[in-house]
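Report on the following structure.
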Amino acid sequence: MKQLPDDAGQLLEDGDYLGVRTFEQMVLDRFPELRGDPDVAIGVHLCMAALARLTMEAVCAGKSKRATDVFDFLDQVLQQPNVHHDIRDAIKQSYVVPSELMSTVTGQRVWAAAPVSVRRLLDPEHEQ
């Protein structure tokens, strides 16, 4: 945290909260196969889109465990104190579309096993 001049308050910096740069590094640490994806380093919404592609590719390949790993990772991120609102917004706006996910049997299983914290962000009215 840095004190702003003229008693204007405090500036929070990465380290005081879980910010975008920290999130992007966490994604690469947890999912090293995304290291070659340029979207991961461009911004949080494109990073989330890369996670969405990873999830949907796993679902289409019938690999529910891999898709569930991404949901579990996002849940772990959301459980951290001081998660920057841009990360929550990116999950809401740029991660998977529940109806597309549930268009397959594997996707239905993944959605059913998804943590409530992530399901609420993706579809607040669909809390089954």
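The values are calculated or read from the model by the stated rules, or taken from the named source; none is laboratory data. All of these numbers come straight from a predicted model, not from anything done at the bench. Backbone-built Cβ (ideal geometry, glycine too); neighbour counts: all protein chains shown.
Taken over region 77-100, the criterion of being in contact with a helix residue (DSSP H, G or I) (Cβ under 6 Å, 6 or more places away or on another chain), in contact (Cβ under 8 Å) with a residue 40 or more places away in the chain and not hydroxyl-bearing (Ser, Thr, Tyr) is satisfied by LEU78, ASP86, ILE87, ALA90, ILE91, VAL96. When you scan region 116-125, do you find a residue that is surrounded by fewer than 18 Cβ atoms within 10 Å (Cβ to Cβ), at pLDDT 95 or above and not in a helix (DSSP H, G or I), even just one? The answer is no; no qualifying residue exists.
For LEU78, the criteria (1) touching a Ser or Thr at 6+ places or on another chain (Cβ under 8 Å); (2) farther than 19 Å from TYR17 by Cβ hold in every case but one, which is (2). Reported count of residues in region 90-106, each being in a helix (DSSP H, G or I) and within 14 Å of ALA52 (Cβ to Cβ), is 9. Does SER103 satisfy being hydroxyl-bearing (Ser, Thr, Tyr), touching a helix residue (DSSP H, G or I) at 6+ places or on another chain (Cβ under 6 Å) and farther than 15 Å from GLU24 by Cβ? So SER103 does not fit the description; no. Among the residues of region 15-35, those identified as touching a residue at least 60 places away in the same chain (Cβ under 8 Å) and either touching a Leu at 6+ places or on another chain (Cβ under 9 Å) or farther than 16 Å from ASP89 by Cα (or both) are ASP16, GLY19.
Residue check: ALA90 meets all listed conditions (1) at pLDDT 95 or above; (2) surrounded by fewer than 20 Cβ atoms within 10 Å (Cβ to Cβ); (3) not basic (Lys, Arg) but one, namely (2). Scanning region 54-71 for residues that are loosely packed, with under 14 Cβ neighbours inside 10 Å and at negative phi gives GLU57, CYS60, ALA61, LYS65.
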